[in-house]
Amino acid sequence: MIGTDSHKRTHTVVAVDDVGRRLGVKTVRTNSEGHLELVRWSAQFDEVAFALEDCRHLTRRLEADLLAAGCRVVRVPTKLMAGARRAAREPGKSDPIDAEAVALAALRHPDLPVAELDGPAREVKLLSDHRHDLVVQRTRIASQIRWYLHELDPDLMIPSRGLKRHCVVAELLVELDRFDGVVARLARNLLSRCDELNHQTNALEAELRKLVRAIAPSLLDIPGCGVISAAVIIGETAGVHRFRNKDAFARFTGTAPVPVWSGASKGKVRLNRGGNRAMNCALHMIAVTQARGIGPGHAYLAKQQARGKDKTAALRLLRRRLSDTVFTALRADQQQDTKTTPPVAIAA
């Protein structure tokens, strides 16, 4: 097992055997030449696997080059690496120590996710993340616009979420023709930028709609699951085959409760505040939409509240059920894609 500690300019690797004894250390550059040098260096060992700390902004290119070279790559969560480093007998912190901790964590946890080349799911994630960034910008600009307009004319009313509509922005630009000065000029500039962001987010949503319909039609069939929520789920899941069952998927989404019992308190659990928060938010949006009467969630919430649960607890239970529903839909879409996709011949 070859553990890797990655930085912007260098990768430091440590090779260990199956019982954790250090066999070698090497540092290479973070370019294709350095990655090729690393592959050549690893050829001296038998049955090699690479363990990369799961920080893909630093390891994505290394991961792609290793996979292209036919190497097996596993991703080690940072918390496992940190635990292995604290449990080691060697004190301190250095690149070789961190790389060895990654390798030891991979040896101790043989069921870690195996890396694979990026597919359509990453395209969805990139577009979804970029749209989210644009929406955050638009929200900040909309807040500034409202304060500028209040200063110019307190009676100038803006509908709730009105700055997302082109017609409202156009009407406000006409109203601003009555005013002069720096405040009015800044408000015009911000309104123009807001309208530009509206066009960009709408275009990204249309592009995501086409991709999501092609990748996960069963996911879109879930009542209350729109294009944006489906895009977040697809992008964050990055392949449902990574999860062995629905319970592992629920733990990833943060909807599986955490056990907190000892002795006589057997069975006691608490709210899981971990997991992927973007996934948890997407499931919450689906649950809230179903609570308004769209889909079976409304009847489920009523049943739970009749049993004495408050609305918040009932929504948590609904999110857990929706996690299983989403997992089933993603599995169905993956199986359908496997059936329709012809096999690709890979040259040796």
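The values are calculated or read from the model by the stated rules, or taken from the named source; none is laboratory data. Not measured: the values here are computed from a predicted model. Don't worry about glycine lacking a Cβ; one is built from the backbone with ideal geometry, like all the others, and counts go over all protein chains shown. Surface accessibility is based on the protein's heavy atoms, side chains included, excluding ligands, DNA and RNA. Shrake-Rupley method; radii C 1.70, N 1.55, O 1.52, S 1.80 Å.
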Task: Candidate lysines - alpha carbon under 27 Å from residue 8, same-chain residues fewer than 8 apart omitted - done: 26, 79, 93, 125
Task: Cβ charges +1 (Lys, Arg) and -1 (Asp, Glu), total dipole of the chain, debye - done: 1500
- [ ] Return the percentage of antiparallel bridges among DSSP beta bridges fully within the chain, rounded to the nearest 5 %.
- [x] 65
Open item on the list: Using only Cα atoms and rounding to the nearest 10 degrees, what angle (0 to 90) does helix 32-42 make with the longest principal axis of the chain?
Closed with: 30
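Quick check on the chain: helices-only [θ] at 222 nm, where DSSP H runs of length 4 and up contribute -39,500 (n - 2.57) each and the sum goes over total residues. Nearest 500, please.
Working: 13 runs with 203 residues, N = 348.
Using -39500 (n - 2.57) per qualifying helix, the result is -19000 deg cm²/dmol.
For the stretch 226-318, rounded, prolate or oblate, judged on the Cα gyration tensor with a ≥ b ≥ c (square roots of eigenvalues), a/c < 1.5 rounded, else prolate if a/b > b/c?
Numbers: a/c = 2.39, a/b = 1.11, b/c = 2.16.
Verdict is oblate for the stretch 226-318.
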TODO: Rank by packing, highest mean first: peptides 204-210, 70-76, with packing defined as the count of other Cβ atoms within 10 Å averaged across residues.
DONE: 70-76, 204-210
Task: Sorted peptide list for 85-97, 307-319, criterion being average Cβ within 10 angstrom, highest first - done: 307-319, 85-97
- [ ] Please work out how much length the chain gains when fully extended from residue 135 to residue 69, using 0.36 nm per residue of separation minus the C-alpha to C-alpha distance, in nm with one decimal.
- [x] 19.8 nm
Task: Cα long-axis angle, helix 277-291 against the chain (0 to 90 degrees, to the nearest 10) - done: 40
- [ ] Answer with one residue from 20, 181, 7: the one whose Cα lies farthest towards the positive end of the charge dipole of the chain, charges on Cβ with Lys, Arg +1 and Asp, Glu -1.
- [x] 20
Open item on the list: Sorting check: for 4-16, 138-150, 154-166, which peptide has the highest mean count of neighbouring beta carbons within 10 Å, and how do the rest follow?
Closed with: 4-16, 138-150, 154-166
Open item on the list: Shape verdict for the stretch 181-284, please, from the Cα gyration tensor: rounded (a/c under 1.5), prolate (a/b greater than b/c) or oblate.
Closed with: oblate
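For Cα pairs less than 8 Å apart in space and 6+ apart in sequence, what is the mean separation divided by the residue count of the chain, i.e. the relative contact order in percent?
With pairs under 8 Å counted, the relative contact order is 13 percent.
Contact order normalised by length for the stretch 157-242, with contacts defined as Cα pairs under 8 Å and 6 or more residues apart; what percent is it? Mind showing how you got there, number by number?
On the way: 34 pairs, mean separation 18.1, N = 86.
After rounding, I find 21 percent.
Could you please state how large a percent of the accessible area of the chain is carbon and sulfur, counting protein chains only and using a 1.4 Å probe?
Numbers: 10630 of 20090 Å².
The value for the chain is 53 percent carbon and sulfur by accessible area.
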- [ ] Per residue of the stretch 53-63, in order, report the coupling 6.51 cos²θ - 1.76 cosθ + 1.60 (Karplus, θ = phi - 60°) as ³J(HN,Hα) in whole Hz, putting x for Gly and Pro.
- [x] 4, 7, 10, 5, 5, 9, 10, 4, 5, 4, 4
Open item on the list: Using a 1.4 Å probe on the protein heavy atoms only, what accessible surface does residue 252 show? Give it in Å² to the nearest 10.
Closed with: 50
Open item on the list: Once you order the gyration tensor axes a ≥ b ≥ c over the Cα atoms, which shape class does the stretch 1-146 get: rounded for a/c under 1.5, otherwise prolate or oblate by comparing a/b with b/c?
Closed with: prolate
Task: C-alpha long axis of helix 120-152 to longest principal axis of the chain, angle in ° - done: 40
